Structure formats: structure tokens, C-alpha cells
Amino acid sequence: MPLEILGRMYEKANREYYAIGQFNFSNLEFLQSAVEAAEEMKSPVIVACSTGAIKYGGIRNLVNLTRTMAEKCSAPVALHLDHGTSMDHIKMCVDAGFTSVMIDGSHHSLDENIKLTREAVEYAHKNGGITVEAELGRLGGIEDDIKVDEAHACLTDPQEAVRFVKESGCDSLAVAVGTSHGAYKFKGAVKIDFDRIATIKKLLGIPLVLHGASSVDPESVAVINQYGGKMKDTRGLDAESYHKAIRNGINKVNIDTDLRLKWTAVVRKTLHDKPEEFDPRNILGPARAAVKEIIKEKMKLLGSAGKA
Ligand code: G3H
Ligand code: 13P
Ligand code: ZN
């Protein structure tokens, strides 16, 4: 089917309390993994490009690949801009055919964030009814080239969120509730403010988004280190964290790091096990298959499997 507007996918997810996975990509293989997983799991899927991914893959290439794969898929596929930070990013992606965009003004003051988000909403809604995600509060970790240390991260304030959504008109809101981007999320126990999610959901009612939601699978990390990698001991979200977050109102869960880790683990192992191999298809093929399996697992965990 043609690319789906993300807002349409949200209607059912919000009503039935499940989340749709956002899977980031910048190349052919990750996109194939996500769309094939959607087909096999009968799950809606969001495939997303950061501005860095767009720079790497080329916007026309990425949009056309996604359109072509979505056409052949019987489950709905939305193409989303992850962490756009300016109107130039929003216009570029809306004009190119994305069906959802994120405007991330979380590094600005509240008033400036509202103003920028309002502008993005006006443009996206008027040009094809494209869905807009905004962010309030600030996650720790690394986004593109911006590193936010823990001292500058701050959780979303529920009352500010009410004013923010009313004045900006955004369709969905990314909330900062304790997660962070990248492989190094928690020191010790997983700490997520589930009550904050519930409070914000009660006040707003709109779809809420959880960024920095990878599990940081210890097995992938172990394989990476076994075959020459150098990753520190780390952990991410467990199955119970996903369930609790979704029960309290999260409808979109962003996953990038888990795919990268699995991909790296399989590529490292393949190169080690087959030192004579130099055909990229035989090196990338097994990684593509493994990434697809991770995505299928996530679709089951998030409750989107069978919802297409
Ligand atoms: O939120 C960040 C995403 O994982 C995108 O990462 O900017 O390196 O493509 P990237
Ligand atoms: P992870 O780094 O936990 O995969 O989060 C990705 C993300 O939030 C993309 O917006
Ligand atoms: Zn993010």
C-alpha cells in the first residue's frame, strides 16, 4: 500500500493501548529488515531517518526505496523524520514525501520550542496532513552530533506539556522520562518515571513517544566484544519496562541502537568465521536477517503484531 500518514496508525494504537515501533535506517538492508518484519508480523511499522541518515543515504534514494517497499507490503508503513531541528529539515522532508516529521525544539526555551513547533505543524498539516511529533523535556545521550550530558537532561513537566501541546498544536509528544539515546543508558537499575507518563497521558490524551528505548541486548554486546569489539558493560530497557510504559500511555517506541548492535555483532562474527569471504551480500545478508528477527521480537513486545 502507499506510505501511510502516521496519525492514522495512531488512532487504533491509542485506542487499544499498544505501541508502534520506530526503526531507524540509512541503508537498503535495515529498511528491508523493517518492512519484511512488518509483512511477516502483520504489524504497522514506522521507518525513520535522522538528518544524519539523510545525509548518508540521500533523501530521494531513501524516500523512493521506502515507497517502493511499502507499495508491496500489505501492512502500513510510515516514513518519519527523526529529530529534525529546523524548519529547513521539516520542509525538506514534507516536500520529499515523508508521512510524519519530528521537530525537536527541546534544546530551546519553552517559548521558542512552542514557536518552532507551531511553525512546523502549520507547514506539515497544510501540506498533506503530515503528522508532527514534538519533544518537551530533554533526554540524555547522543542525538546526531549533539551530546546531552546528564546534568542538562530534564524530565517533561506535565503542566508545561499541557500548555505546549495547546499552543503548538503538535499531534504527538516525545516525553523525557528517564531513558537516553545510545548504548549507555542506565547506571545500575533501569529507572523510568512511569507515573509521569501516566500523568501526562491523562492530561493530554494524545499519542506519547518513548525515545532512547533500546534494550541493549547483552548477547549482542558479548558477541561484539568476543570478535574484537570494545564495548563497556551496559544495559537498556527490559520487557517489563516496555509493557509498563505502554500501559501508561506510550504509543510509539524508538529503536535504533538495538539494530546497530545486532548488525555489528553479526558482521563481526561473519567476517571472523569466513575469512575468505569478500562478497558483501554474504557479509550483509546474515546481518539483515538477524536485524529482521530483532524487529519482529520488538513488534511482539510492543503489541503491534497482528494489528495491521
Ligand atoms: O536519536 C538518535 C537516533 O538514534 C539517530 O541517530 O543521528 O546517528 O542517525 P543518528
Ligand atoms: P536508542 O538509541 O535507544 O535506540 O533510541 C533511538 C531513538 O530514540 C531515535 O529517536
Ligand atoms: Zn530519539
>> Take the residues in region 51-85 that are of a type in the set (G, A, S) and within 16 Å of ligand 1 (Cβ to nearest atom); name whichever of them is farthest from A34 (Cα to Cα).
In response: G84
>> Of everything in region 184-202, what is modelled with pLDDT under 95 and among the small types (G, A, S)? Give them in sequence order.
In response: G188, A189
>> I need a count of the residues in region 129-157 that are at pLDDT 95 or above and exposed (fewer than 15 other Cβ atoms within 10 Å of the Cβ).
In response: 1
> Restricting attention to region 274-284, and to residues there that are free of Cβ contacts under 8 Å to residues at least 24 places away in the same chain and in a helix (DSSP H, G or I), which single residue is surrounded by the most Cβ atoms within 10 Å (Cβ to Cβ)?
Replying inline: I283
> Considering P280, P218, P275, P207, which residue is under 20 Å from Y184 (Cα atoms) and more than 16 Å from ligand 1 (Cβ to nearest atom)?
Replying inline: P218
> Given the structure, is A287 touching a Phe, Trp or Tyr at 6+ places or on another chain (Cβ under 9 Å) and within 16 Å of ligand 1 (Cβ to nearest atom)?
Replying inline: no
> Consider D88 against the criteria (1) in contact (Cβ under 8 Å) with a residue 12 or more places away in the chain; (2) of a type outside the set (S, T, N, Q); (3) more than 16 Å from ligand 1 (Cβ to nearest atom): it satisfies all of them except one. Which criterion is unmet?
Replying inline: (1)
> Applying the selection to region 227-242, what residues are out of contact with any Pro (no Cβ under 9 Å at 6 or more places or on another chain) and touching a residue at least 40 places away in the same chain (Cβ under 8 Å)?
Replying inline: Y227, G228, M231, K232, G236, L237, D238, A239, S241, Y242
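One line per residue, one yes/no per condition, for (1) crowded, with 23+ Cβ neighbours inside 10 Å; (2) in contact with a Leu (Cβ under 8 Å, 6 or more places away or on another chain):
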site	(1), (2)
A19	yes, yes
F23	yes, yes
S26	no, yes
C49	yes, yes
R60	no, no
T66	yes, yes
>> For the structure I just gave you, tell me whether A290 is part of a helix (DSSP H, G or I), modelled with pLDDT of 95 or more and more than 23 Å from A176 (Cβ to Cβ).
In response: yes
> So which of T270, T257, T234 ends up being more than 18 Å from the chain's Cα centre (by Cα), among the β-branched types (V, I, T) and within 16 Å of ligand 1 (Cβ to nearest atom)?
Replying inline: T234
> What residue, among those in region 202-225 that are away from ligand 3 (no atom under 16 Å from the Cβ) and within 19 Å of the chain's Cα centre (by Cα), is nearest to N14 (Cα to Cα)?
Replying inline: I206
> Within the bounds of region 158-174, is there any residue that is within 16 Å of ligand 2 (Cβ to nearest atom) and modelled with pLDDT under 95?
Replying inline: no
> Given the structure, is K201 crowded, with 20+ Cβ neighbours inside 10 Å and within 12 Å of ligand 2 (Cβ to nearest atom)?
Replying inline: no
> When you look at N24, is it within 15 Å of the chain's Cα centre (by Cα), polar (S, T, N, Q) and at pLDDT 95 or above, yes or no?
Replying inline: yes
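The values are calculated or read from the model by the stated rules, or taken from the named source; none is laboratory data. Given the structure is predicted, the values throughout are model-derived calculations rather than measurements. A quick note on method: Cβ atoms are made from the backbone with ideal geometry, for glycine too, and the neighbour counts reach across all protein chains shown.
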